[in-house]
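Participant: Take a look at this one; I'll ask things after.
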Amino acid sequence: MKSWSIGVFGLVALAAIVASTFVSREAMVGVGVAASAVVGFGWPHFLAVPAKKTLAAVIGLAGAGSAVTAAYLPAPGFLDGTPAFIALGVMAVFIIQLVRGTGQAQRLESTLGCSAGVLLNCLGAGWIAGARFNGVKEMVLVAGLSAAVALLVGIIRWPDRIVAPLGIVMAGLMAPLAGLVFSDIAVLPAALVGVATGSVLVCFRRMVTLRRGRLTLPAALGMGVAPVWAIGTLAYFIDKLLIY
């Protein structure tokens, strides 16, 4: 797989996530569970660690559980279940490494990397929480458009020293523009969402460029969906703290 395919997978996932928030709660849950499964399946492959199937199940189930609870917990505690699933997932990762036994290959890398995968997958529930928050979905659209711009810039085969600031600036400009066109969201909160979203996505692009070895389809899927899914909580908390 070519590295640019990661950005394409991210764009497809982003479109499905944002579209589902305008359909129904069941659609959000379905897309959330599917995104969690893809991240769970692909993240261990991207890290190239042992025990991929077991770790994939842990990461995927933690993210799916967080998404389901975000869809059905009463307001205002949409994400009250997310810390519990993060904790359970991280504990399960540690237990798997203990069961593997002393002296096994890449135990430290697997533990740290897959714990990060659990965190990223559970944070995706923020998309659902953001869509349910006050019944206003404009911030979801603003975050989605700014993320799309950052992903498109990231596909350009230029050095990171050019792509990184360009992606952040373009996402920061797109968010307030989208806010003015599609909603009455103030310029400053929208710009903050765009800058934060762009910063996260270009950081993940750097992880891709630093990775060595062949990029497989599962690895590209996991790395393409994971950052897009995880930024949902970022947009939700900015929306909650700065707008309402």
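The values are calculated or read from the model by the stated rules, or taken from the named source; none is laboratory data. Because the structure is a prediction, the values reported are computed rather than measured. Glycine gets a Cβ as well: all are built from the backbone with ideal geometry, and neighbour counts include every protein chain shown. Please note that ligands, DNA and RNA were not included when accessible areas were found on the heavy atoms of the full protein model with its side chains. Shrake-Rupley method; radii C 1.70, N 1.55, O 1.52, S 1.80 Å.
Participant: For ILE162, which of the numbered conditions (1) more than 25 Å from PRO44 (Cβ to Cβ); (2) of a type in the set (Val, Ile, Thr); (3) outside any loop (DSSP other than H, G, I, E, B); (4) touching a Gly at 6+ places or on another chain (Cβ under 8 Å) fails to hold?
Facilitator: (4)
Participant: Same structure again: For ALA105, work out the one condition from (1) in a loop (DSSP other than H, G, I, E, B); (2) in contact with a helix residue (DSSP H, G or I) (Cβ under 7 Å, 6 or more places away or on another chain) it doesn't fulfil.
Facilitator: The failed condition is (2).
Participant: So, in the stretch 123-154, how many residues would count as being in contact with a Phe, Trp or Tyr (Cβ under 7 Å, 6 or more places away or on another chain) and either over 17 Å from PHE22 (Cα atoms) or free of Cβ contacts under 8 Å to residues at least 12 places away in the same chain (or both)?
Facilitator: The qualifying residues number 0.
Participant: Hey, among the residues in the stretch 174-222 that are among the charged types (D, E, K, R) and over 18 Å from LEU11 (Cβ atoms), which one's modelled with the lowest pLDDT?
Facilitator: Going through the stretch 174-222, the residues among the charged types (D, E, K, R) turn out to be 184, 205-206, 211-212, 214.
So of that shortlist, the ones also over 18 Å from LEU11 (Cβ atoms) come out as 184, 206, 211-212, 214.
Numbers: ASP184: 74, ARG206: 88, ARG211: 82, ARG212: 77, ARG214: 83.
So, considering only residues that are among the charged types (D, E, K, R) and over 18 Å from LEU11 (Cβ atoms), the one modelled with the lowest pLDDT is ASP184.
Per-residue answers, yes or no, for (1) free of Cβ contacts under 8 Å to residues at least 24 places away in the same chain; (2) over 30 Å from LYS240 (Cβ atoms):
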| residue | (1), (2) |
| --- | --- |
| ALA75 | no, no |
| PHE78 | no, no |
| ALA84 | yes, no |
| LEU88 | no, no |
| ALA92 | no, no |
| VAL99 | yes, yes |
| GLY103 | yes, yes |
| GLN106 | no, yes |
| GLU109 | no, yes |
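Participant: May I ask you to verify whether VAL99 is of a type outside the set (Phe, Trp, Tyr), out of contact with any strand residue (DSSP E or B) (no Cβ under 7 Å at 6 or more places or on another chain) and farther than 24 Å from ASP184 by Cα?
Facilitator: On the way: of a type outside the set (Phe, Trp, Tyr): yes; out of contact with any strand residue (DSSP E or B) (no Cβ under 7 Å at 6 or more places or on another chain): yes; farther than 24 Å from ASP184 by Cα: yes.
The answer is yes for VAL99.
Participant: Could you please find all residues in the stretch 31-56 being at pLDDT 95 or above and out of contact with any helix residue (DSSP H, G or I) (no Cβ under 7 Å at 6 or more places or on another chain)?
Facilitator: ALA34
Participant: Here are VAL149, VAL118: which of them is assigned to a helix (DSSP H, G or I) and closer than 26 Å to THR82 by Cβ? So that I can check it myself, show each step before the final result.
Facilitator: Numbers: VAL149 fails: closer than 26 Å to THR82 by Cβ.
Residue meeting the stated conditions: VAL118.
Participant: Further, regarding this structure: Working only within the stretch 111-148, note down all residues that are over 15 Å from the mean Cα position of the chain (by Cα) and of a type in the set (S, T, N, Q).
Facilitator: The answer is THR111, ASN134.
Participant: While we're here: Tell me yes or no: at least one residue of the stretch 66-88 is among the aromatic types (Phe, Trp, Tyr) and open to solvent by 50 Å² or more (accessible area, probe 1.4 Å). Give the steps one after another, and end with the answer.
Facilitator: Initially, the stretch 66-88 is screened for residues among the aromatic types (Phe, Trp, Tyr), giving 72, 78, 85.
Okay, now just the ones that are also open to solvent by 50 Å² or more (accessible area, probe 1.4 Å), so 72, 85.
There is at least one residue in the stretch 66-88 that is among the aromatic types (Phe, Trp, Tyr) and open to solvent by 50 Å² or more (accessible area, probe 1.4 Å).
Participant: Considering only residues of the stretch 184-229 that are open to solvent by 10 Å² or more (accessible area, probe 1.4 Å) and small (Gly, Ala, Ser), which is nearest to LYS2 (Cα to Cα)?
Facilitator: That would be GLY213.
Participant: Right, THR69: touching a helix residue (DSSP H, G or I) at 6+ places or on another chain (Cβ under 9 Å), among the polar types (S, T, N, Q) and under 16 Å from THR233 (Cβ atoms) or not?
Facilitator: On the way: touching a helix residue (DSSP H, G or I) at 6+ places or on another chain (Cβ under 9 Å): yes; among the polar types (S, T, N, Q): yes; under 16 Å from THR233 (Cβ atoms): yes.
It is true that THR69 is touching a helix residue (DSSP H, G or I) at 6+ places or on another chain (Cβ under 9 Å), among the polar types (S, T, N, Q) and under 16 Å from THR233 (Cβ atoms).
Participant: Looking at VAL118, VAL140, can you tell me which residue is more than 21 Å from GLY42 (Cβ to Cβ) and crowded, with 18+ Cβ neighbours inside 10 Å?
Facilitator: Values: VAL118 fails: more than 21 Å from GLY42 (Cβ to Cβ).
Step by step, each of VAL118, VAL140 is checked, and only VAL140 is more than 21 Å from GLY42 (Cβ to Cβ) and crowded, with 18+ Cβ neighbours inside 10 Å.
Participant: Still on this structure: Inside the stretch 25-49, can you point out the residues that are under 18 Å from VAL90 (Cβ atoms) and open to solvent by 20 Å² or more (accessible area, probe 1.4 Å)?
Facilitator: Initial filter on the stretch 25-49 (under 18 Å from VAL90 (Cβ atoms)): 36, 39-40, 43-44, 47, 49.
Hit for the stretch 25-49 is LEU47, nothing else.
Participant: I would also like to ask the following. Which residue out of THR69, THR82, THR102 is among the β-branched types (Val, Ile, Thr) and farther than 30 Å from ALA16 by Cβ?
Facilitator: On the way: THR69 fails: farther than 30 Å from ALA16 by Cβ; THR82 fails: farther than 30 Å from ALA16 by Cβ.
Among THR69, THR82, THR102, only THR102 is among the β-branched types (Val, Ile, Thr) and farther than 30 Å from ALA16 by Cβ.
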